[in-house]
1. Considering only protein heavy atoms and a probe of 1.4 Å, how much of the accessible area of the chain is carbon and sulfur, as a whole percent?
2. To the nearest 20 debye, what is the magnitude of the charge dipole of segment 10-111 about its Cα centre, counting +1 on the Cβ of each Lys and Arg and -1 on the Cβ of each Asp and Glu?
3. Compute the helix-to-body angle for 172-185: its Cα long axis versus the longest principal axis of the chain, expressed 0 to 90° and rounded to tens.
4. Could you point to the residue in I83, Y41, A57 farthest towards the positive end of segment 1-121's charge dipole, with +1 and -1 charges on the Cβ of Lys/Arg and Asp/Glu respectively?
5. Could you state the accessible area per residue of segment 1-146 in Å², with a 1.4 Å probe and every protein chain left in place?
6. Expressed as an acute angle from 0 to 90° and rounded to the nearest 10, what is the orientation of the C-alpha long axis of helix 101-117 relative to the principal long axis of the chain?
7. Charges only on Cβ, +1 for Lys and Arg, -1 for Asp and Glu: so what's the dipole of the chain about the Cα centre, in debye to the nearest 20?
8. May I ask which of K44/K173; K44/K102; K32/K52 have a Cα-Cα span longer than 28 Å here?
Amino acid sequence: MSIGPTSMTMDMVARTCGISKRTLYETFPDKKTLVVECLNYEQKTREQEACKIYNNASNCFEALFAIFHDLRDRHDKRAITFINEIKRLYPEITAHQRKNEKAFINQLSGVLSQAQDEGLVVEQINTDIASFIFYSQMHSLHRNSNIEDLGFDQVTVFEAAFVNFLRGIATIKGIDIIEEAINNYLR
């Protein structure tokens with residue numbers, strides 16, 4: 001993920017792992033298979049880490065900020081062109097990953113419903129719709145190639161969208177927690 005699939009070679013992977021190229025090809029018959037497995041591993045790792053964060057957080061907003069912080073750090077370690085290369089080289093992988101959208105929206109809706117129970121999110125908010133709007137906004141920002149052209153840092157724009165989304169659905173109690181979380185988790 002740090003150099004992207006275009007720059008990565010199977011020779012490089014074998015050398016980095018300290019194995020022969022033959023051994024690598026016995027496990028991963030081609031570069032695409034290796035990329036798919038890496039993406040699957042990354043997603044499972046993110047999900048496990050998110051569960052751990054969620055289970056250890058004192059409230060849903062703290063968990064969301066901690067998870068966002070973790071995702072931001074992972075994003076910083078990726079090659080800037082990584083996602084675009086995946087889309088261009090392996091469109092079927094991108095199509096498969098889009099199937100995970102519904103699962104993400106459902107999970108976020110569940111967290112926001114629990115945040116309502118905690119008194120952090122306004123009761124009248126439809127958490128399914130709010131989750132869909134948040135996902136759509138982040139997806140749109142991710143695909144927007146003009147962010148840097150306009151002089152903005154992509155991570156800073158994502159942070160602002162995330163914080164403003166939460167502020168827009170938060171109760172007074174939730175806003176207090178958001179302000180505290182901003183100091184703890186954001187740059």
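1. 55
2. Details: 17 positive and 14 negative charges, 56 e Å.
My answer is approximately 260 debye.
3. Orientation of helix 172-185: about 40 degrees from the principal axis.
4. I83
5. Details: 8880 Å² over 146 residues.
Normalised by residue count, the accessible surface of segment 1-146 is 61 Å².
6. 30
7. Working: 21 positive and 25 negative charges, 169 e Å.
Magnitude of the dipole: close to 820 debye.
8. Numbers: K44/K173 33 Å; K44/K102 16 Å; K32/K52 30 Å.
Too far apart for the 28 Å limit: K44/K173; K32/K52.
The values are calculated or read from the model by the stated rules, or taken from the named source; none is laboratory data. Worth saying up front: this structure is predicted, and the values here are computed from it rather than measured. All Cβ positions, even for glycine, are placed from backbone atoms using ideal geometry, and neighbour counts span all protein chains on display. Side chains included, ligands, DNA and RNA excluded: accessible areas come from the protein's heavy atoms. Shrake-Rupley method; radii C 1.70, N 1.55, O 1.52, S 1.80 Å.
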